[in-house]
Amino acid sequence: MEDNELGKLIKNYRQSKQMSMQEFADAIAVPGGYKTLSRQAVYHWEHGEWNPSQFALVRIAIETNDWRRDFALDCLSLMDEVMHRRVTTMLVNQIK
């Protein structure tokens, strides 16, 4: 992954939805398995200081069928290509 490519991706998703950091955190918290998610977490993701949990991203991809699924799959593709392929294959098989 290039220098903070993941952080840029996260920020682009949030800004494209015209959401504050807290609104973005609230939108992905429950499907990601978080009881709560703070705006500080989103800040740290965007600045490359922390990464979202791969487990949470997989849950978001499975449990949503909107922009949040695309967000989770795009993050996984940057973080772990093998996991991205597995989740994508599983989702395709669910549709069949």
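The values are calculated or read from the model by the stated rules, or taken from the named source; none is laboratory data. What you are looking at is a predicted structure, and each value in this text was computed from that prediction instead of being measured. Reconstructed Cβ throughout: ideal geometry from the backbone, glycine too, with neighbour counts over all protein chains shown.
A few remarks follow.
- Selection status of residue 39, surrounded by fewer than 17 Cβ atoms within 10 Å (Cβ to Cβ) and farther than 23 Å from residue 94 by Cβ: yes
- Candidates 33, 7: the one that is at positive phi and in contact with a helix residue (DSSP H, G or I) (Cβ under 8 Å, 6 or more places away or on another chain) is 33.
- Of the residues making up the range 1-20, those that are within 16 Å of residue 50 (Cα to Cα), in contact with an Asp or Glu (Cβ under 8 Å, 6 or more places away or on another chain) and not basic (Lys, Arg) are 7, 9, 10.
- With respect to being in a loop (DSSP other than H, G, I, E, B), surrounded by fewer than 19 Cβ atoms within 10 Å (Cβ to Cβ) and at pLDDT below 95, residue 2 fits the description.
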